[in-house]
Amino acid sequence: MGEARRRAERDPTFGQIRKITDYDREFAPDSPLEKFLYLTHIEWSNAWVEGGDVPISLASSYLGDTRDGIYTPDENRIHDSPVDLTSLRPAIRVENVKNFTFVGCTINGQRVPDIVNANYYLEDGIILSFCNVLNGAIARRLRKKACVKIRNIQELKAEIDRQIGKAGIIGDCRYTNDHQRNHFLKSSADAWQKEHRIFWREAEGRKVKIPAGTATLVATF
């Protein structure tokens, strides 16, 4: 007996569209290839289910002054350094640098930690952000009204790679308490998102055609 059938016997509503009212309940996918995509409007699910055009936005479009729903203050920030480079301010202000080296220096008589080949810059590109679970509380914090389940995230990536003409980078986001950042390394303050994303190095947003049957509508909120 397959896992899907076993789950259906345990839960008669399994596989049906759920109207989520229990915001504390969380549903896991049946396969690692399945991911959840939260949508702002229920009708946006049509393109993912029946096929159609979907815009893919730049990472910088999710940049905000504070953490609020889909917005974060460090989106598209690359910060790769053993020392938090912002901690050197105002004595030293480092902006948009790659392979930055700062060795054997003092400021006002205080030794500054050595820094070798550090990076601190903004890098944009287009992203699709998914979630590893179906959770009403996540949808509510993101201010979303529907959720579709992607049947095979790798097949979806391959199709979009083909349309864009380059291979994207795919993976779960990791979360940290320190200053390090990249497109897949975010603040622990964002860990509630349980995000899985695909990133393509593109200078502008793109519109791609999603094949019919890519996803199923699994929940509304």
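Values quoted throughout were computed directly from the atomic coordinates according to the rules given, and no laboratory measurement underlies them. Please read these numbers as outputs of a predicted model, since none were measured by experiment. Positions of Cβ are generated from backbone atoms using ideal geometry, with glycine treated the same way; all protein chains shown enter the neighbour counts.
Worth a mention:
- Summarising the label geometry, the points placed 7 Å from Cα in the beta-carbon direction at GLU43 and LYS166 lie 3.4 nm from one another.
- Within segment 126-213, the GluC sites (Glu not before Pro) that combine a DSSP coil assignment with at most 12 other C-beta atoms in a 10 angstrom radius are GLU204.
- Vicinal HN-Hα couplings computed from phi for segment 185-196 (Karplus, 6.51 cos²θ - 1.76 cosθ + 1.60; Hz; Gly/Pro x): 10, 10, 5, 4, 5, 9, 4, 4, 6, 6, 8, 10
- Residues listed by number, segment 124-151, amide nitrogen under 20 Å from GLU50 label point at 7 Å toward C-beta: 145-151
- For segment 115-221, the fraction of C-alpha pairs more than 16 angstrom apart is 66%.
- Helical content alone sets the calculated 222 nm signal of the chain at -4000 deg cm²/dmol, taking -39,500 (n - 2.57) per DSSP H segment of four or more residues and averaging over every residue.
- Lysine pair number, Cα distance threshold 15 Å (strictly under), the chain, separation 8 or more or different chains: 13
- Two-site label geometry, GLU123 and SER57: point separation in nm, points 7 Å out along Cα→Cβ: 2.2 nm
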